[in-house]
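Below is one structure, written out as structure tokens; comments come after it.
We did not get these values from a lab; they are worked out from the coordinates using the rules stated. Predicted model only: the values in this text are computed from it and were never measured. Cβ sites come from the backbone with ideal geometry, for glycine too, and all protein chains shown count toward neighbours.
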């Protein structure tokens with residue numbers, strides 16, 4: 001929902017805008033934090049079976065968290081400023 005290049009509809013426009021703004025903020029944080037060697041990036045948790053995601057979502061919260069932990073464990077300084085999915089796939093801003 002926060003990727004501008006992946007937008008294909010106007011559904012949930014306010015939510016999309018808020019996510020895009022958050023992504024821009026983290027991109028800026030990543031630039032500042034790189035100066036002191038801190039990795040800052042954004043992880044999309046996937047469509048998760050939560051109150052918001054609903055019962056149709058393909059991922060359990062545990063699957064999403066496990067994937068996010070794998071992504072975090074594999075990060076290098078070169079990943080700072082990136083946008084990735086819970087499975088490590090590089091996403092476009």
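Results, tabulated for the structure shown:
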read-out: Contact order relative to length of the chain, as percent, for alpha carbon pairs under 8 angstrom and 6 or more apart; value: 30 percent
read-out: Residue among 18, 80, 30 with the largest mean-square fluctuation in a Gaussian network model of the chain, springs linking Cα atoms under 10 Å; value: 18
read-out: Computed Kirkwood radius, in angstrom, where 1/r is averaged over Cα pairs of the range 1-45; value: 11.5 Å
read-out: Cut-off 20 Å (backbone N to label point 7 Å along Cα→Cβ of residue 35), residues of the range 65-81; value: 77-81
read-out: Burial ordering of 17, 68, 39, fewest other beta-carbon atoms within 10 Å first; value: 17, 39, 68
read-out: Among 21, 34, 57, residue whose mean-square fluctuation peaks in a GNM of the chain (springs only between Cα atoms under 10 Å); value: 57
read-out: Size-normalised alpha-carbon gyration radius of the range 13-85, reference 2.2 N^0.38 Å; value: 1.24
read-out: Pairwise FRET efficiency - residue 91 versus residue 63, Cβ, R0 = 22 Å, nearest 0.05; value: 0.80
